[in-house]
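Enquirer: Supplied in structure tokens, the structure appears directly below.
Every read-out reported here was derived from the displayed coordinates using simple, explicitly stated rules and does not represent laboratory data. Because the structure is a prediction, the values reported are computed rather than measured. Virtual Cβ from ideal backbone geometry, glycine too; neighbours counted across all protein chains shown.
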Amino acid sequence: MDLVPVDSVFNADKFKTLKSSGFLIDIEKMEAYESSLKQKKSTQPSPSYWKEKRVLITGASGMVGSTLIDLLMGMGAEVHAIIRRHAVDYHPHLEHHMDGGKIRTYEVDLKDYGRVSSLVKEIDPHVISHQAAESFVPTSLQQPSHVVENNCVSTVNVLEASAKEGKSVEAVQVACSSEQYGFIKDVSELPVKEENELRPTSTYAATKVFTEYIAKSYYYTYGTPTVITRTFNQEGPRRGPHFFTARVAIQVRKILDGKSDKLVLGNPNSVRDFTHVHDSTKAQLLAIEKCERGSAYNICSEKGITTGDYAKLALRVSGLEGKVPFLVDKKLLRPYEKGHALFDGFIGSNAKLQEKTGWSPTKSVVDIINDQVEFYKTYQR
């Protein structure tokens with residue numbers, strides 16, 4: 001580790017314009033931010049639309065896939081879940097549905113077109129939600145060819161099977177990402193709209209640009225009813241422990257349990273637009289219900305927060321602020337975080353999605369922090 005105090009790296013002056021514009025959360029004014037969220041009302045997914053729908057979900061054992069399944073099961077859908085083969089047959093986020101056979105699960109290598117095609121033909125789903133991907137950005141920088149093969153080939157196979165074998169398919173949702181936007185050249189680009197230029201800064205981001213464009217090509221060529229959602233950082237319980245918010249929550253949990261005496265993170269000058277997974281998954285279902293096929297929609301909160309402020313807030317709401325050192329490990333910085341971009345990160349506009357669906361986020365970054373710290377109180381991987 002190459003540890004330094006966070007204040008020696010955090011550049012508060014860099015974000016004055018964003019804070020004055022109202023796009024960046026000021027952690028010294030949390031009451032106004034949380035009050036504005038409580039005043040929002042959001043459309044909910046329609047149980048009448050989903051009741052008895054056959055829904056096939058890839059990446060079903062992850063945070064997003066499993067949360068979608070919770071919602072769909074609650075509305076009476078018939079859920080078919082594709083999961084990755086593990087050495088140990090253990091999928092903790094799905095166990096409560098797998099017991100008693102409430103959902104049907106399939107271990108499938110999505111790079112195997114024959115298996116994907118036969119499964120789509122067998123199930124004949126009404127909706128496919130393609131969530132499976134290698135989504136951890138550092139992995140895409142360390143193993144680029146693996147991530148390209150995994151993310152791109154699997155997407156092509158799902159779309160091809162849908163076009164050729166999906167007789168009843170009404171929607172194929174492809175989960176895309178804010179990472180596609182890449183570099184932000186000027187504050188005037190914020191909040192980022194769907195028309196913004198895509199400037200991917202990692203292999204993962206580039207695979208998501210491919211995912212979106214191949215989905216559009218199937219829409220234009222075969223009429224495949226693709227639904228494209230560009231989700232910004234969706235966080236909450238079940239988040240993988242290697243992701244930023246989970247790393248913060250795990251460290252806070254260890255400090256609370258007396259197992260650690262400091263909090264360490266990488267770049268405190270990143271900006272993230274966080275949406276609670278309980279909000280973002282509802283947005284994805286609403287997009288399937290109501291959005292135009294072949295068109296991209298941002299799912300985001302329209303509020304950013306710096307990673308440094310997020311970690312400070314996590315210490316504050318957990319009663320730890322000022323009680324333990326808050327440090328930066330400079331070795332954790334990604335290559336492009338050492339460059340000269342305005343900053344690493346995005347704040348998005350969800351106006352297009354709101355207009356089509358009536359969706360708005362209702363949970364705050366404090367909800368994300370509290371839910372993750374509680375989740376990691378008992379979760380064992």
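Enquirer: What FRET efficiency would be calculated for the residue pair Lys121, Ser217, taking the C-beta separation as r and a Förster radius of 25 Å, to the nearest 0.05?
Expert: Calculated value: 0.70.
Enquirer: Convert each backbone phi in the stretch 305-312 into a coupling constant with the Karplus relation 6.51 cos²θ - 1.76 cosθ + 1.60 (shift: θ = phi - 60°), then list the ³J(HN,Hα) values in order as whole Hz, x for Gly and Pro.
Expert: 8, 6, 4, x, 5, 4, 5, 4
Enquirer: Can you compute 3J(HN,Hα) from phi for each residue in the stretch 233-239, using the Karplus curve 6.51 cos²θ - 1.76 cosθ + 1.60 with θ = phi - 60°, rounded to whole Hz and x for Gly and Pro?
Expert: 5, 9, 9, x, x, 6, 5
Enquirer: What ³J(HN,Hα) values, in whole Hz, does the Karplus curve 6.51 cos²θ - 1.76 cosθ + 1.60 give for the stretch 154-170 when θ = phi - 60°, with x put for Gly and Pro?
Expert: Those phi angles translate into 4, 5, 4, 5, 5, 5, 5, 5, 5, 5, 8, 10, x, 5, 9, 5, 9 Hz.
Enquirer: Which whole-number value in Å³ per residue fits the convex hull of the alpha carbons of the chain?
Expert: In the chain, the Cα convex hull volume per residue is 139 Å³.
Enquirer: Would you grab the residues whose amide H sits under 5 Å from the one on Thr231? Only those 5+ places off in sequence or on another chain, please, with H modelled 1.01 Å from N.
Expert: Amide H to amide H, under 5 Å and 5 or more residues apart or across chains, Thr231 pairs with Cys176, Ser177, Ser178, Ile299.
Enquirer: Shifting gears a bit: Tell me the relative contact order for the chain as a rounded percent, counting alpha carbon contacts under 8 Å between residues six or more apart.
Expert: Taking the mean separation of contacting Cα pairs over the length of the chain, I get 22 percent.
Enquirer: Ok, one more. Classify the stretch 1-158 from the C-alpha gyration tensor, please: rounded if a/c falls under 1.5, else prolate or oblate depending on whether a/b exceeds b/c.
Expert: Note, shape of the stretch 1-158 comes out oblate.
Enquirer: Indicate the gyration tensor shape class of the stretch 130-224 (rounded, prolate or oblate), computed on the Cα atoms with a ≥ b ≥ c the square roots of the eigenvalues: a/c under 1.5 is rounded; otherwise a/b larger than b/c is prolate and the rest oblate.
Expert: In terms of gyration-tensor shape, oblate.
Enquirer: Return the long-range amide H neighbours of Ser61 (sequence gap of 5 or more, or a different chain), with a cut-off of under 5 Å between placed amide H atoms.
Expert: Residues meeting the amide H criterion: Arg84.
Enquirer: How do 182-191, 349-358 rank on mean C-beta neighbours within 10 Å, highest first?
Expert: Packing order, densest peptide first, comes out as 349-358, 182-191.
Enquirer: Quick check on the chain: of the DSSP beta bridges with both residues there, what percent are antiparallel, nearest 5%?
Expert: 10
Enquirer: I need to check one value: relative contact order of the stretch 139-242, counting alpha carbon pairs closer than 8 Å and at least 6 residues apart, in percent.
Expert: Relative contact order, the stretch 139-242: 38 percent.
Enquirer: In what sequence, highest mean first, do 147-153, 57-63, 32-38 appear when ranked by Cβ atoms within 10 angstrom?
Expert: Sorting 147-153, 57-63, 32-38 by mean packing, highest first, produces 57-63, 147-153, 32-38.
Enquirer: Determine, for each peptide in 164-174, 227-237, the mean count of other beta carbons within 10 angstrom over its residues, then list the peptides with the highest first.
Expert: Averaged packing, sorted descending, gives the order 227-237, 164-174.
Enquirer: Report the net charge of residues surrounding Val192, where surrounding means a beta-carbon distance below 12 angstrom and charges are Lys +1, Arg +1, Asp -1, Glu -1.
Expert: -3
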